[in-house]
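Enquirer: Would you mind keeping the following structure in view while I ask a few things?
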Amino acid sequence: MILKYDVLVIGGGHAGCEAACASANMGAKTCLVTMDMNKIAQMSCNPAIGGIAKGQIVREIDAMGGQMALVSDATAIQFRMLNRSKGPAMWSPRAQCDRGKFIWEWRKKLDETANLDIWQDQAEELLVEPNSQACCRATATKSVIGVRTIWGCELRAKAVIITAGTFLNGLLHIGRKMVPGGRIAEPAVLHFTESITRHGITTARMKTGTPVRIDKRSVHFEDTEIQPGENDFHRFSYMGKPRPLPQLPCWTFNTNKECHEVLMSGIADSPLYNGQIQSIGPRYCPSVETKLITFPERESHPLFLEPEGVDTNEMYLNGFSSSMPMDVQIEALKKIPALRDLKVYRPGYAIEYDFFDPTQLKHSLESKVINGLFFAGQVNGTTGYEEAGGQGTVAGINAALYAGSAGCCATATIDNAFILHRDEAYIGVLIDDLVTKGVDEPYRMFTSRAEYRILLRQDDADARLTEKCYKLGLAKRERYDWWMEKKEAIDRIIGFCENTPVKMNDINGALEALGTTPLRAGCKAIDLIGRPQINLQNLSELVPGLKAVMEDCRNSKGEEVESLRIRKDEIIEAAEVKMKYKGYIERERIVADKMHRLENIKIKGRFDYDSLQSLSIECRQKLNRINPETLAQASRIPGVSPSDINVLLVLLGR
């Protein structure tokens, strides 16, 4: 049997679901191929979305018209805004979600998406054909035409997106026991990697892991510290509704010396230290045994006990990822007072899996080797649901653009592909890091990876991306109007503060009461917002008319808008951040614009790098391997120095 589509998405995880929805919402006839329709967007590890920098990615996906934020809000059982003690560039939303309800909320999103079919099967072979010599737009010698499944079904398409997660030749480890699998009790996908690498795409292995799952009824909560969530106006989606599920706490406690002794007694059977696992695991989410080896002086490590849902006793033990023998894991945990009567549903385990070299991708996430073939998620060497979802959204957009422009073997070029730059989104930072620098360990996003993080705040992803994606066709009119109403309200508050004079005699007493320096002369209201002690709420008590502007829920036509009323706090916060950090934002914008000049200098195909003896040997090797599109991308390649960039500028006549 042969089924024909515009776009195929292989794998129903977080990357695959976002890719499928993005492609279908762009108008492409799309098919999502998944092994189990009842485990769509399964949270294989922690049942939580967001976190440091990851929460910003989720808000970006939402601003673009993706689904992860909406699903997270609908299934959240605890929400927190992390890093509140720091500046707003560092604020990061995080939600604990109900694992089971998360799956079915995602399934509902997929079922309601036009142009999208789901096919339950397993891909076994990538189907590729040579490009026609008559095609002048081909950037590779081959083009993808579809996949063949283990049941012999051929699914043909103009574009294929690989989002197979940890399933490609997956191998599970618990102690010395090894079992093929993509997740616990789920089969690995064999042969599919080989059908891809035979065409010149390179692969390697990575490792990740997950902790034990605990029966809540066996926990002594009197020996833990409760960690409640927050319940203010913040949520993930800019169009999200109030969280419908009961909000639950998490609990914290520590490992101890006795726990460590049990773990160390079994270290010889640890797959990480007996030579069994050769691949590299995530640096920033180490196993508990790695913590003991790396920090031998520490007598305790923090653990977080997190609920898996509102209707289950299953709990996730954050901080205790392990692949030690199951009896060692359980015995060690019983040395902790809160877990002295421990019962578990399953032990922690490690998994090794195949990934593909992301430097063989364009910024559109299309392969440089096979036209029409896209990769997203953990198969690109990343870790995390959020990183996967962001890649999936970009791959889905570009696959749809490719399918819409593809003839016999034509491809979406760099000029009409959807590319996010480093000053536009954390997703842009993520993808640029992958395709420019590659990975030697599972890549996780942090705010420190973004040089323009003041421009990439969680409060303004809609300002950065919604209009862009509305013009593209992904963000719908409702979302565009939703943003434009918010934009007008923000501008109204800022405009009032910019134009309203404040007399020192009218306000100095109040300023001194707030612990800030009195004025020596009159100023505009916006000049006071920059002070740490001043915010819009307390300033509105001092400046006549400001409170009325902040509570104004009318649109530009003078009509009352209910959505503005329910978003009042969000709008006030966004306006305040823009005013309070105006100088920093403008300064970073200037730096970003300077870098854009290098982004506009195209160098791909303009040099024979091997012949440029004035470049260092390492530089020539790296430029040949990465083959950067622009001078700015070349400048970010490890091993390419500023002097190398200057040489290229001279050769370009700049």
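Enquirer: Among residues other than Val219 whose Cβ falls under 14 Å from its Cβ, what is the net charge (Lys/Arg +1, Asp/Glu -1)?
Expert: Surrounding charge for Val219 is -2.
Enquirer: Let me ask another. Nearest 5 is fine: what % of DSSP beta bridges in the range 29-141 come out antiparallel, could you say? Walk me through the numbers before you get to the answer.
Expert: Numbers: 9 of 14 bridges.
Rounded to the nearest five, the antiparallel share is 65 percent.
Enquirer: Cβ under 13 Å from Ile277's Cβ, Ile277 left aside: what net charge do those residues give with Lys, Arg +1 and Asp, Glu -1?
Expert: Net of charged neighbours comes to +1.
Enquirer: Over the range 1-138, with the other protein chains present, what is the accessible area per residue in square angstrom, probe 1.4 angstrom?
Expert: 32
Enquirer: Give me the percent of the accessible area of the chain that comes from carbon and sulfur atoms, probe 1.4 Å, all protein chains in place.
Expert: Of all accessible area on the chain, carbon and sulfur atoms account for 51 percent.
Enquirer: Let's see if you can work this out: charge +1 on each Lys and Arg Cβ, -1 on each Asp and Glu Cβ, no other charges. What is the dipole magnitude of the range 344-399 about its Cα centre, in debye to the nearest 20?
Expert: Using Cβ point charges on Lys, Arg, Asp and Glu, the range 344-399 gives about 80 debye.
Enquirer: Can I ask one more? Can you give the extra length, in nm with one decimal, that the chain gains between Arg587 and Lys602 once fully stretched, where that is 0.36 nm per residue apart less the Cα-Cα distance?
Expert: Stretched fully, the Arg587-Lys602 segment lengthens by 2.8 nm.
Enquirer: Given a Förster distance of 51 angstrom, what is the FRET efficiency for Val647 paired with Tyr273, based on the Cβ-Cβ distance and rounded to 0.05?
Expert: 0.65
Enquirer: If you find the alpha carbon centre of the range 469-518 and of the range 241-256, how far apart are they in angstrom?
Expert: 33
Enquirer: Another question, then. May I ask you to derive the relative contact order of the chain, considering only C-alpha pairs under 8 Å and at least 6 residues apart, and to give it as an integer percent?
Expert: Values: 1419 pairs, mean separation 109.9, N = 654.
In percent, rounded to a whole number, it is 17.
Enquirer: Trypsin sites (Lys or Arg not before Pro) within the range 413-514: which are DSSP loop residues with at most 12 other Cβ atoms inside 10 Å? Please list the in-between numbers first.
Expert: Numbers: sites: Arg422, Lys437, Arg444, Arg449, Arg453, Arg457, Arg464, Lys468, Lys471, Lys476, Arg477, Arg479, Lys486, Lys487, Arg492, Lys503; in loops: Arg422, Arg444, Arg453, Arg457, Lys476, Lys503.
Answer by residue number: Lys503.
Enquirer: Pull out the extension gain between Asp111 and Ser614, defined as 0.36 nm times the separation in residues minus the alpha carbon to alpha carbon distance; nm, one decimal.
Expert: 175.3 nm is the gain from fully extending Asp111 to Ser614.
Enquirer: Also: Going 7 Å from the Cα of Asp440 in the Cα-to-Cβ direction, what parts of the range 278-303 have a backbone nitrogen less than 17 Å from that spot?
Expert: Correct set: 278-284.
Enquirer: In the structure shown, do any of Lys101/Lys241; Lys368/Lys471; Lys86/Lys568; Lys241/Lys557; Lys39/Lys108 have a Cα-Cα gap over 20 Å, and if so which? If you can, show how the numbers build up before the last one.
Expert: Details: Lys101/Lys241 16 Å; Lys368/Lys471 27 Å; Lys86/Lys568 23 Å; Lys241/Lys557 25 Å; Lys39/Lys108 12 Å.
Among Lys101/Lys241; Lys368/Lys471; Lys86/Lys568; Lys241/Lys557; Lys39/Lys108, the Cα-Cα distance tops 20 Å for Lys368/Lys471; Lys86/Lys568; Lys241/Lys557.
Enquirer: Using a Förster distance of 41 angstrom, determine the FRET efficiency expected from the C-beta separation of Leu127 and Glu451, and round it to 0.05. Write out the running numbers ahead of the final one.
Expert: Details: r = 41 Å, r/R0 = 1.00.
Computed FRET efficiency for Leu127 and Glu451: 0.50.
Enquirer: (i) -0.60, -0.68, -0.90; (ii) -0.62, -0.77, -1.01; (iii) -0.37, -0.50, -0.82: which one is log10 I(q)/I(0) by the Debye sum over Cα atoms at q = 0.06, 0.07, 0.09 Å⁻¹ as calculated from this entry?
Expert: The value computed from this structure is option (iii).
Enquirer: Between Arg84 and Lys594, what length comes free when the chain is fully extended (0.36 nm per residue of separation minus the Cα-Cα distance, one decimal in nm)?
Expert: Numbers: separation 510, 0.36 × 510 = 183.60 nm, distance 3.08 nm.
Residue separation times 0.36 nm, minus the Cα-Cα distance, leaves 180.5 nm.
Enquirer: Where does the charge balance sit around Thr202 when Lys and Arg score +1, Asp and Glu -1, over other residues with C-beta under 11 Å from its C-beta?
Expert: So the environment of Thr202 carries a net charge of -1.
Enquirer: Rounded to the nearest 20 Debye, what is the dipole magnitude of the chain about its Cα centre when Lys and Arg each give +1 and Asp and Glu each give -1 at the C-beta?
Expert: Numbers: 82 positive and 83 negative charges, 210 e Å.
Result for the chain is approximately 1020 debye, rounded to the nearest 20.
Enquirer: May I pose another question? So with the 1.4 Å probe, I'd like the accessible area per residue for the range 567-624, rounded to whole Å².
Expert: Result: 59 Å² of accessible area for each residue.
Enquirer: Putting +1 on Lys and Arg Cβ atoms and -1 on Asp and Glu Cβ atoms, find which of Ser265, His301, Ile280 reaches farthest to the positive end of the dipole of the chain.
Expert: Ranked along the dipole, the leading option is Ile280.
Enquirer: Same structure, new question: Only four residue types carry charge here, +1 at the Cβ of Lys and Arg and -1 at the Cβ of Asp and Glu. Report the dipole size of the range 519-654 about the Cα centre in Debye, rounded to the nearest 20.
Expert: 440
Enquirer: Give the separation of the Cα centroids, the range 282-301 to the range 91-161, in Å.
Expert: Going from one Cα centre to the other spans 38 Å.
Enquirer: Which percentage, to the nearest 5, of the DSSP beta bridges contained in the chain is antiparallel?
Expert: Roughly 70 percent of the DSSP beta bridges within the chain come out antiparallel.
The values are calculated or read from the model by the stated rules, or taken from the named source; none is laboratory data. Keep in mind the model is a prediction, meaning the values are calculated, not measured. With ideal geometry, Cβ positions are generated from the backbone for all residues, glycine too; neighbour counts draw on all protein chains shown. Keep in mind that these areas ignore ligands, DNA and RNA; they rest on the heavy atoms of the full protein, side chains included. Shrake-Rupley method; radii C 1.70, N 1.55, O 1.52, S 1.80 Å.
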